[in-house]
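For reference, the structure discussed in these notes is given below.
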C-alpha cells in the first residue's frame, strides 16, 4: 500500500474509505522474459458504503476523492507508464459504479515494471516510501526473483484505530503464470498449480504488514 502492498497509485484513493477490498496482481511471463502485468483493486463488496461516502467531503479527517479525480489519477499514471522504455499496450479501467480499478500493460522484461514504478515515484504519483524494485529475472539461470519488501509494522503501529480498521478485511492475491514449467521455489506460501505453470500467493493485507507472510521468492523454471 502495498503499507506493504502500496506499490500502485490506484490503491490510495480507497484505503481511507473502506476495509473490504481485494487487491489482485498478475504476471504472465514468457520464456524470453517478456510478458503481461496487471493489477486490480476491487472494492465492489463495499460499493453501498462507498456510494454513501462519495457524497461526503471528508471522512476520518481525510478528503474523499471524487470519481473525476480518481479517473484523472488513472490517466496521469497511464500517460507516465507509456513513456517507460519496454512498456507497451498500457490500459486502464475504472468501473465507477462497482468501484473496480485496473491497470495493465505488456513489458519486454519484468524490470520495466520496476522502472515504471520508479518514474511514478519521481513524478509524485506514488509516495516516497513505496517499494519499486519488486522483480528481477535472470534469463540465463531461469530464475525469477520477487524481492523482499521491508516491513511496515512500525508505520502501522503508529496509525489511529480508525486508520487500522482499513486493513481488517482487505486481501491480497498474487498470481504468476509461466510459459516454462516451475522447477522449484524458496517460499512455500506460494501454491503451485497441478500444471506447474502457475502459482498463487494470497492472504490478508495484515498478514503481509505484520510479516506473517512474505512475498519474497526465488522461482526456478525448467
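The values are calculated or read from the model by the stated rules, or taken from the named source; none is laboratory data. Here the structure is a predicted model, which means the values were calculated and not measured. Every residue, glycine among them, receives a Cβ derived from its backbone with ideal geometry; neighbour counts consider all protein chains shown.
Overview of results
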| quantity | calculated |
| --- | --- |
| Criterion: exposed (fewer than 14 other Cβ atoms within 10 Å of the Cβ), touching a strand residue (DSSP E or B) at 6+ places or on another chain (Cβ under 7 Å) and not in a helix (DSSP H, G or I) - qualifying residue of 213, 183, 196 | 183 |
| Residue within the range 156-165 that is assigned to a loop (DSSP other than H, G, I, E, B) and buried (at least 16 other Cβ atoms within 10 Å of the Cβ) present | no |
| Residue 97 vs. criteria modelled with pLDDT under 85 and either surrounded by 13 or more Cβ atoms within 10 Å (Cβ to Cβ) or farther than 22 Å from residue 165 by Cβ (or both) | yes |
| Residue list for the range 129-145, restricted to those being in a loop (DSSP other than H, G, I, E, B) and under 16 Å from residue 32 (Cα atoms) | 139, 140, 141, 142 |
| Selection within the range 146-155 - part of a helix (DSSP H, G or I) and touching a helix residue (DSSP H, G or I) at 6+ places or on another chain (Cβ under 7 Å) | 153 |
| All positions within the range 4-38 that are over 15 Å from residue 99 (Cβ atoms), modelled with pLDDT of 70 or more and in contact with a strand residue (DSSP E or B) (Cβ under 7 Å, 6 or more places away or on another chain) | 25, 26, 27, 28, 29, 33, 34, 35, 36, 37, 38 |
| Any hit, the range 95-102, residues being outside any loop (DSSP other than H, G, I, E, B), over 14 Å from residue 40 (Cβ atoms) and touching a strand residue (DSSP E or B) at 6+ places or on another chain (Cβ under 6 Å) | no |
| Check on residue 76, part of a helix (DSSP H, G or I) and either modelled with pLDDT under 85 or surrounded by fewer than 19 Cβ atoms within 10 Å (Cβ to Cβ) (or both) | yes |
| Count of residues meeting criterion [assigned to a strand (DSSP E or B) and at negative phi] in the range 79-94 | 7 |
| Qualifying residues in the range 110-127 (those that are modelled with pLDDT under 90, outside any helix (DSSP H, G or I) and under 16 Å from the mean Cα position of the chain (by Cα)) - the one surrounded by the most Cβ atoms within 10 Å (Cβ to Cβ) | 126 |
